[in-house]
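Take a look at the structure below.
The values are calculated or read from the model by the stated rules, or taken from the named source; none is laboratory data. Keep in mind the model is a prediction, meaning the values are calculated, not measured. Methodologically, a virtual Cβ is constructed for each residue, glycine included, from the backbone with ideal geometry; neighbour enumeration extends over all protein chains shown.
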Amino acid sequence: MDSPVRRFRSLAEHPFELTFGLLFALVGAAVAFGGITPTSINALLPEWVVRVWGVVQVVAGLLVVVGIVIRYWRPALVLVGLRIERAGHIPFVAATTVYMAVAVAYAGTRALYAGALFLAFAVASGARAWATIVIERAINRARRPGDTG
């Protein structure tokens, strides 16, 4: 039986990635499926753009969460988990950068705080995507020739 420490190790080691991944997935689902009415920059965009934005958030958030959790659930799938997580971070970087640019372009200096947060999230997510590449390369270098696991 798994101990509580082992069971929640992924949350302890990746609190920001898991929290923001889950947040993006939930908020994205609400936006994509009409559960909430956008009142920010989204309110100015065509409905189809807002829905696509929501779907991107859902997919990216779920990929990040699944990519992290799968590595702890099945340690043999560490490389698969890293690739899945990275596949989620890439749309995070794009989506948050575009949203930041639109917000600052539209609202000017009034959006600098929100824009800075979105930019920080994009940079952190990009750094994490790069880290998954570095980790994957290190694992591959450490493997023995002929190892298929």
| task | Being farther than 18 Å from G67 by Cβ and either modelled with pLDDT under 90 or of a type in the set (S, T, N, Q) (or both) is the filter here, so list the residues in the range 118-135 that pass it. | result | F118
| query | Out of (1) modelled with pLDDT under 80; (2) assigned to a helix (DSSP H, G or I), the odd one out for G34 is which? | reply | (2)
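Condition test on R128, is it touching a residue at least 24 places away in the same chain (Cβ under 8 Å), among the basic types (K, R) and within 18 Å of L23 (Cβ to Cβ)?
Working: touching a residue at least 24 places away in the same chain (Cβ under 8 Å): yes; among the basic types (K, R): yes; within 18 Å of L23 (Cβ to Cβ): yes.
When the stated conditions are applied, R128 passes them.
Given the residues T96, T19, which is the only one that is under 19 Å from the mean Cα position of the chain (by Cα), farther than 20 Å from V134 by Cβ, surrounded by 13 or more Cβ atoms within 10 Å (Cβ to Cβ) and at pLDDT 85 or above? Give the derivation first.
Details: T19 fails: surrounded by 13 or more Cβ atoms within 10 Å (Cβ to Cβ).
Selected residue: T96, the only one of T96, T19 that is under 19 Å from the mean Cα position of the chain (by Cα), farther than 20 Å from V134 by Cβ, surrounded by 13 or more Cβ atoms within 10 Å (Cβ to Cβ) and at pLDDT 85 or above.
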| task | Please list, ordered by first then second residue, the pairs with beta carbon atoms under 7 Å, 6 or more apart or interchain, first in the range 97-115 and free of Cβ contacts under 8 Å to residues at least 40 places away in the same chain, second part of a helix (DSSP H, G or I) and surrounded by fewer than 18 Cβ atoms within 10 Å (Cβ to Cβ). | result | M100/L119; V104/L112
| task | Report, ordered by the first and then the second residue, all pairs with beta carbons closer than 9 Å, sequence separation of six or more or different chains, a first member in the range 53-72 that is over 18 Å from P15 (Cβ atoms), and a second member that is among the hydroxyl-bearing types (S, T, Y) and surrounded by fewer than 23 Cβ atoms within 10 Å (Cβ to Cβ). | result | W53/Y99
